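Comments concern the structure below.
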Amino acid sequence: QVLLVESGGGLVQAGGSLRLSCAASSQTFSNYAMGWFRQAPGKEREFVGAIGRSGDTTNYVDSVKGRFTIFRDNAKNTVYLQMNSLKPEDTAVYYCAASTIRTLTSLRRAYAYWGQGTQVTVSS
């Protein structure tokens, strides 16, 4: 069982930045690939990006490439989502999730553990 707690959401103007954090309870945090997803009102939850167990591999959905960066600190059992050049269409609840599958994946069903989400609102 892994408990994930996101933080760092809030209200920001378009063009601004936010850094989300996701703290994991597990002492075997480095055994999990970590993903970030988001869900806007009335829309399906969508993949944002993921990072491998050691942090040396990442992938992102095209809409955030070059603006968002995922990194992790295994010593602190924490994964981060740095979001720059934010746009109103980035407004959503952001979730982190943990997967035991070695290959980075955008599939929601590959992630066994989920946080409760944190709201990000980008004003125009």
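The values are calculated or read from the model by the stated rules, or taken from the named source; none is laboratory data. Everything numeric in this text was worked out from a predicted model, so none of it was measured. We place every Cβ from the backbone using ideal geometry, glycine too, and count neighbours over all the protein chains shown.
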Practice item. Could you tell me whether any residue of the stretch 57-72 is out of contact with any Lys or Arg (no Cβ under 9 Å at 6 or more places or on another chain) and closer than 14 Å to residue 120 by Cα? Key: yes
Review point. Restricting attention to the stretch 109-119, does a residue exist that is surrounded by 13 or more Cβ atoms within 10 Å (Cβ to Cβ), at pLDDT 95 or above and among the aliphatic types (A, V, I, L, M)?
Key: yes
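Residue by residue, here is whether (1) in a strand (DSSP E or B); (2) buried (at least 16 other Cβ atoms within 10 Å of the Cβ); (3) in contact with a strand residue (DSSP E or B) (Cβ under 6 Å, 6 or more places away or on another chain); (4) at pLDDT 95 or above holds:
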residue: 27; (1), (2), (3), (4): no, no, no, no
residue: 43; (1), (2), (3), (4): no, no, no, yes
residue: 63; (1), (2), (3), (4): no, no, no, yes
residue: 97; (1), (2), (3), (4): yes, yes, yes, yes
residue: 102; (1), (2), (3), (4): no, no, no, no
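Could you grab me the full set of residues in the stretch 29-41 that are in a loop (DSSP other than H, G, I, E, B) and touching a Leu at 6+ places or on another chain (Cβ under 8 Å)?
Our first condition is that a residue be in a loop (DSSP other than H, G, I, E, B); within the stretch 29-41, this holds for 32, 40-41.
Passing the criteria: none in range.
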